[in-house]
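Asker: Take a look at this one; I'll ask things after.
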Amino acid sequence: MAGSNGELTGFLTYHQQVISGFDDAPRHISLSADAPFTKAKEQLLAFGGNVYTFRRSILQSTGMSGTFAKKLILGKKWHTLRLGVTAGFFFNSINPDGVNLADPAIARLNGKIQPDVSFGLNYQIKGFQFGLSFPKLLGFAAVKAEDDGQGASALKVNPLSSQLFYLLYDWEVNEYWDVRPMLLYRSMADAFSGMELNTRVLYDKKVWAGASWRSDFGGAAFVGYKAKKLSLSYAYKLSNSQAYNYSNPAHELQLGVYLGRVGKRKTIGRGGARLKTNENFVASQVKKSKSSQPAKKTPPAKNPTATKQGTPKELPVKEEPKVSMETIRKGESSSDMNSGNYLVVNAFSDVEEAQKELLRLKYGTYDNTKYDAKIGYNSEKKLYYVYIESGTLEEMQKKGNELKKKKGFEKTSVLKVTNRSREESLK
């Protein structure tokens, strides 16, 4: 759904089916973009757009649409509800070869502009997601090619005659691995209908691979990789359909571009994922803030051991700061940080304040050191923890004692997150 990536994104998709001995094999090209806009912490507004062209046999459809989506966070357990509406238009171009354009029903469709409206929703509770959509809210007229690829007939599609339902579970195995199985059913009035099962495995939020299977259609496999601002994925689909008496494999390539946040949107992922933001803009603001601060004058040095009478006196020995430690349980929310030991610089009840602290650490505001800072949330404490590292308890205590000596790191602590017992999880 639009805005789900948390930043301005664009995708170029090229899909080509290969049918031996058939020149006009199906081909689909689309260009889409979407971006989120935030008005309140409990809401997300997003907008998107799509332009596409789809050729199959004698028929080519071209269209464009715009999408408006809204996300609501419901209750204390971080249930979310997303709603989306897409509106646009499309028109058909018919290849006259092998088609009787004298047929009035077909002739009226050649170049006719038709409205296109769809609606969808997604409900999430912990790692489970359920979604449904109606791709064609309005009825429309279509052209259906005959099974032998020769000739065509007019087809009228009724409103709400196409539906799609899906159920998925996003299983975060650990800090690096994520598995997402999905079961999907679609009923399309003018195309494929049936069940689909697919699974995607994601590593380090950068590399993914998976496979899918459709009833009465065939299987597919896909792989992908995401760098900082770009992603590339490839899918190979092998159909067991006997349309045109040929096997119909297909290739699909998708290029993604990630351009950073829009407006004031900042996104925190599950388990403390990195903040998605326009880093160039933030870096310039931090640099500007530093340069605008007046230089501090250094007072003349004084002898701290001298008294008014000139006789030395002993100063108390200053104790080295010791890092404090806190132990908490992992909450029930899917957005909770995983169990482990974290070197925490600060904790906030307000997500906006946590994000500001994260940016200060990422751009070296305190000690000119750029930390790979992250944010983790705990639903029981209702706090956002800004941390810079995780590891063994001994390592975090040692590094915390050193870090606490620096200016700006006075609130540094070690946070130990433990798993909930099996009895507590079942309650």
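Asker: Yes or no: Leu383 in contact (Cβ under 8 Å) with a residue 40 or more places away in the chain and of a type in the set (A, V, I, L, M)?
Answerer: No.
Asker: Quick check, is Thr365 among the polar types (S, T, N, Q), farther than 21 Å from Lys126 by Cα and loosely packed, with under 15 Cβ neighbours inside 10 Å?
Answerer: No.
One line per residue, one yes/no per condition, for (1) crowded, with 18+ Cβ neighbours inside 10 Å; (2) at pLDDT 85 or above; (3) assigned to a strand (DSSP E or B):
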residue: Phe37; (1), (2), (3): no, no, yes
residue: Leu44; (1), (2), (3): yes, no, yes
residue: Phe47; (1), (2), (3): no, yes, yes
residue: Asn50; (1), (2), (3): yes, yes, yes
residue: Gly66; (1), (2), (3): no, yes, yes
residue: Ala69; (1), (2), (3): yes, yes, yes
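Asker: Among the listed residues Leu101, Leu137, which satisfies the condition of being in the same structural domain as Thr67 (by TED's automatic domain parsing), at pLDDT 65 or above and among the aliphatic types (A, V, I, L, M)?
Answerer: The match here is Leu137.
Asker: Can you confirm whether Lys407 is assigned to a loop (DSSP other than H, G, I, E, B) and under 19 Å from Val323 (Cα atoms)?
Answerer: yes
Asker: Condition test on Arg56, is it charged (D, E, K, R), surrounded by 15 or more Cβ atoms within 10 Å (Cβ to Cβ) and modelled with pLDDT of 80 or more?
Answerer: no
Asker: Scanning segment 140-159 for residues that are among the charged types (D, E, K, R) and assigned to a loop (DSSP other than H, G, I, E, B), which turns out modelled with the highest pLDDT?
Answerer: Step by step, filter segment 140-159, then rank; the result is Glu146.
Asker: In segment 1-20, how many residues are among the polar types (S, T, N, Q) and modelled with pLDDT under 75?
Answerer: Matching residues across segment 1-20 total 3.
Asker: Further question: Restricting to segment 340-355, give me the number of residues that are buried (at least 16 other Cβ atoms within 10 Å of the Cβ) and of a type outside the set (Val, Ile, Thr).
Answerer: Selection size over segment 340-355: 9.
Asker: Out of the residues in segment 160-212 that are hydroxyl-bearing (Ser, Thr, Tyr) and assigned to a strand (DSSP E or B), which is surrounded by the most Cβ atoms within 10 Å (Cβ to Cβ)?
Answerer: Ser212
The values are calculated or read from the model by the stated rules, or taken from the named source; none is laboratory data. The structure displayed is predicted, hence computed values, not measured ones. Glycine also receives a Cβ, built like all others from the backbone with ideal geometry; neighbour counts cover every protein chain displayed.
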